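> Structure incoming, see below.
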Amino acid sequence: MTVEELVALLGLDPIHLEDPSSRTVTTAYCGDLLSDVMAHCPPGAVWFTVQAHVNCIAVAEVRDIACVVLVNGVSPDPQTAARAAAQGVTLCGSERSSAALCMRLSGHLAEDAPA
Amino acid sequence: MTQFHERQIRLVHELMYQIKVREAMTREVVTFPPTATYRDIQLCLKRSRFSGTPIVDEGHLVGIVSIDDIITAFDRGCIDEPIQLTMTRELVTVPQNYSVIAASNLFHKYGFGRLPVVSRPGSDDLVGIITFSDILSHLLLKINRIAERVEAHERRLVAHLDQQRDHLHFEIAPDGFDRAGVAATLTKRRLLSRGVPAPLVRRVAVICYEAEMNIILHSLGGFMDVDLLPDRVEVTAADEGPGIADLEKAMQPGFTTANEKIRALGFGAGMGLPNIKRCADQFHITSSMEAGTELQATVLLPSAVPTAAGVPASVSPSEKEVAHDR
């Protein structure tokens with residue numbers, strides 16, 4: 001699934017989209033502890049988090065995360081949005097929870113997220 | 001004459017000024033006493049292929065006999081007479097501490113092929129003999145040495161540049177949350193651009209990120225070095241303290257000393273060090289409450305990954321990446 005299709009499927013609010021029609025989302029990950037995400041989030045994942053701090057962009061960059069989604073209506077720090085655009089990291093928002101979004105996504109992705 | 005050629009000649013002149021006669025001269029000189037005959041000298045010159053020989057009388061240089069003089073002696077029929085009867089005693093010499101330019105000028109002025117070298121101006125104490133070809137050989141030697149020095153210098157320069165290209169250094173300030181991840185991102189880009197496979201780059205990037213965060217969150221500041229070597233990537237991170245009280249505990253997943261503020265930002269899950277260890281092929285950490293903490297993590301590159309028994313060394317990179325992407 002492409003980022004573009006993901007945004008449409010989950011009704012996400014785009015903050016910065018990087019190459020949405022060709023970047024592929026292969027799996028998903030939920031986590032608010034950055035070290036945990038750093039350790040376990042697979043590359044190419046859509047990552048659901050409440051962490052709006054600028055550091056989540058660094059994590060996404062390091063782990064090759066396809067799309068960062070700030071859930072529960074959390075809005076990003078201005079710096080976070082700017083960093084996402086500067087680093088070319090796709091960043092979206094949603095009013096819904098991680099669980100709700102994952103349930104909606106279930107069955108649509110090529111593979112299940114490995115631990 | 002072109003400017004280039006003028007410059008070349010100036011350079012040669014400068015070099016010639018630096019060369020002393022004593023450096024270029026020949027020290028082993030065949031000499032004859034004034035009682036020798038022209039024929040004695042002629043036979044010697046024929047044998048040794050010299051074109052002239054100094055005449056020394058009890059340690060004093062008194063003359064020089066060249067092939068020209070011998071031909072003249074033949075002409076006059078005095079070839080078997082002692083040379084002291086007819087040889088010229090007006091001698092042109094050059095002192096050994098003069099520059100070879102002086103010798104070169106004398107060659108030019110008198111049309112001589114060789115000059116006796118004396119210990120000091122006005123002396124008749126023979127110490128050697130110098131020809132124009134001695135000067136040329138020495139000049140070539142000197143130019144050659146300069147060329148070698150320049151070449152060695154350039155080699156060192158290139159090696160240094162190469163090293164710089166594969167070496168990254170980051171100064172990391174404490175509490176620098178906003179710059180966190182910069183070192184990891186820059187490292188990642190550099191390694192990708194140098195052809196390191198993406199899964200290995202991710203492991204290095206995680207190591208860098210966690211090491212960087214540790215310095216930012218827990219230390220008074222420090223630095224991180226990343227070295228890309230032919231067979232491995234080495235990350236060294238060191239801080240100025242205060243040090244880790246219990247390293248064994250710090251290495252346990254979930255153990256953290258992070259405060260509320262740090263945890264609210266999504267850090268302090270107690271996974272930094274275990275994460276680094278998990279991503280590294282070799283991991284080493286030392287910490288003291290006086291000197292601070294230093295950690296070294298190494299990620300081996302495919303060419304250096306030991307191959308399993310029966311698997312050929314030329315296994316494709318993608319297979320190795322999968323095997324080592326943990």
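> May I ask you to say which residue of B:Ile276, B:Ile262 is touching a Gly at 6+ places or on another chain (Cβ under 7 Å), at pLDDT 50 or above and not in a loop (DSSP other than H, G, I, E, B)?
The conditions single out B:Ile262.
> While we're on this one: Using the structure shown, decide if B:Thr286 is over 30 Å from A:Phe48 (Cα atoms), surrounded by fewer than 20 Cβ atoms within 10 Å (Cβ to Cβ) and among the β-branched types (Val, Ile, Thr).
For B:Thr286, the condition - over 30 Å from A:Phe48 (Cα atoms), surrounded by fewer than 20 Cβ atoms within 10 Å (Cβ to Cβ) and among the β-branched types (Val, Ile, Thr) - is met.
> Within region B:142-154, does at least one residue satisfy the condition of being out of contact with any strand residue (DSSP E or B) (no Cβ under 6 Å at 6 or more places or on another chain) and under 30 Å from A:Ala60 (Cα atoms)?
no
> Please verify whether A:Thr90 is surrounded by 21 or more Cβ atoms within 10 Å (Cβ to Cβ) and farther than 22 Å from B:Ala183 by Cβ, treating the condition exactly as stated.
Considered against the rule, which asks whether it is surrounded by 21 or more Cβ atoms within 10 Å (Cβ to Cβ) and farther than 22 Å from B:Ala183 by Cβ, A:Thr90 comes out as yes.
> Looking at the structure I just gave you, is A:Val7 away from chain B (no Cβ under 11 Å), assigned to a strand (DSSP E or B), out of contact with any Gly (no Cβ under 9 Å at 6 or more places or on another chain) and at pLDDT 90 or above?
no
> May I pose another question? Quick check on this structure: which one of B:Val150, B:Val233 is in the same structural domain as B:Met289 (by TED's automatic domain parsing) and among the β-branched types (Val, Ile, Thr)?
Criteria check complete, one pass: B:Val233.
> Can B:Ala237 be described as more than 14 Å from chain A (Cβ to nearest Cβ), in a loop (DSSP other than H, G, I, E, B) and more than 15 Å from A:Leu33 (Cβ to Cβ)?
It is false that B:Ala237 is more than 14 Å from chain A (Cβ to nearest Cβ), in a loop (DSSP other than H, G, I, E, B) and more than 15 Å from A:Leu33 (Cβ to Cβ).
> Restricting to region B:24-46, what's the tally of residues that are under 14 Å from B:Asp69 (Cα atoms), in a helix (DSSP H, G or I) and touching a residue at least 40 places away in the same chain (Cβ under 8 Å)?
Adding up the residues that qualify gives 3.
> Assuming A:Ala58 fulfils every condition listed in (1) over 13 Å from the mean Cα position of the chain (by Cα); (2) at the interface with another protein chain (Cβ under 7 Å from one of its Cβ atoms) apart from one, which condition is it?
Unmet for A:Ala58, out of (1) over 13 Å from the mean Cα position of the chain (by Cα); (2) at the interface with another protein chain (Cβ under 7 Å from one of its Cβ atoms): (1).
> Further question: Can you name the residue in region B:240-273 that is among the β-branched types (Val, Ile, Thr) and within 14 Å of chain A (Cβ to nearest Cβ) and, of all such residues, is surrounded by the fewest Cβ atoms within 10 Å (Cβ to Cβ)?
If we take residues in region B:240-273 being among the β-branched types (Val, Ile, Thr) and within 14 Å of chain A (Cβ to nearest Cβ), then B:Thr257 is surrounded by the fewest Cβ atoms within 10 Å (Cβ to Cβ).
> Can you run down the residue pairs with Cβ atoms below 6 Å, 6 or more apart or on separate chains, where the first is in region A:33-55 and at the interface with chain B (Cβ under 7 Å from one of its Cβ atoms) and the partner is outside any loop (DSSP other than H, G, I, E, B) and small (Gly, Ala, Ser)?
Matching pairs, first to second residue: A:Ser35/B:Gly272.
> Of all the helices (runs of 4 or more DSSP H) wholly in region B:89-195, which have at least 1 residues that are within 37 Å of the chain's Cα centre (by Cα), of a type in the set (Ser, Thr, Tyr) and within 14 Å of chain A (Cβ to nearest Cβ)?
Per the criteria, B:182-193.
The values are calculated or read from the model by the stated rules, or taken from the named source; none is laboratory data. Please read all numbers here as calculations on a predicted model, not as lab measurements. Positions of Cβ are generated from backbone atoms using ideal geometry, with glycine treated the same way; all protein chains shown enter the neighbour counts.
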